1. Count the net charge of all other residues whose Cβ sits under 14 Å from the Cβ of PRO24, scoring Lys and Arg as +1 and Asp and Glu as -1.
2. Can you tell me which lysines have their Cα less than 28 Å from the Cα of LYS124? Leave out same-chain residues fewer than eight positions away.
3. Taking only Cα atoms of segment 79-148, what ratio of Rg to Rh do you get with Rh as the Kirkwood inverse-distance radius?
4. Grab the other residues whose beta carbon is less than 12 angstrom from that of GLN10, score K and R as +1, D and E as -1, and report the net.
5. Show that you can apply the helix-only estimate: for the chain, add -39,500 (n - 2.57) for every DSSP H stretch of four or more residues, divide by all residues, and state [θ] at 222 nm to the nearest 500.
6. Residue by residue through segment 11-22, which ³J(HN,Hα) values in whole Hz follow from phi under the Karplus form 6.51 cos²θ - 1.76 cosθ + 1.60 (θ = phi - 60°), with glycine and proline marked x?
7. How far is helix 25-40 tilted, in degrees, relative to the longest principal axis of the Cα atoms in the chain, given as a value from 0 to 90 rounded to the nearest 10?
8. More than 28 angstrom separation, counting every C-alpha pair in segment 2-147; what % is that?
Amino acid sequence: MANEWERFNQTFFNTLESGIEKLPQSEREELYRPCAVGCVQNYVLKEQQRQFAECGGDLDLQYEKYGRSEFFFADIIERGRVYEIGYPRCLCPVVDAGLASAAVHCECSRQSILYVLNTLLPEKKIQVEQMRTVLSGAQECRFRVTVE
C-alpha cells in the first residue's frame, strides 16, 4: 500500500509540475510564492535578519562573514549591487521526499530568495535570476541577485 501511495504522489506531482511549466512566468511566481514564504519565514528569514542586523544592515559584510556554510553560499560580484547566492546541494524537502523533480520547482527557491531580500531591504528593488539548479542538472543551485 505504501509503494502504491508513493507512486500516486509522484504521478500527481509530476502532473502538476508539467502543467506549471506551461504557465506564464508571472503565474508560476504566484503559485510558488506562498510555499516559498512558508518554507523560509520561521528559521531562514529569522537567521538572515539576525545576521543582517549584526552586520549593521550591510549585505556585503553579512555575505563576507556568513556567506559560506554547508547550506548556503554568497559571492559578491559587484559590492552593494550584484551577488550570486545559492545552495551547494538541493535542500528542498519536497525534492528529498521524491515528489518534485522538474526544474520548474526551483521557482520556489527563487521566490524564497526574493522574499528574504525584500524583507531585509524593503526600500530596494531586488531581482533574482535563476542561473542553474540541481534539478536542471547542475551540481549546485545558483541565483544572480541584483539590488537597485
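Every read-out reported here was derived from the displayed coordinates using simple, explicitly stated rules and does not represent laboratory data. Note that the coordinates shown come from a computational prediction; the quantities given were computed from them, not determined experimentally. No Cβ is skipped: glycine too gets one built from the backbone with ideal geometry, and neighbour counts run over all protein chains shown.
1. After counting each charged neighbour, the total is -3.
2. Straight-line reach from LYS124, under 28 Å: LYS46, LYS65.
3. Result for segment 79-148 is an Rg/Rh of 1.00.
4. Local charge sum for GLN10: -2.
5. -15500 deg cm²/dmol
6. 5, 4, 5, 4, 5, 4, 4, 4, x, 5, 4, 7
7. 70 degrees
8. Summing the P(r) tail past 28 Å for segment 2-147 gives 20 percent.
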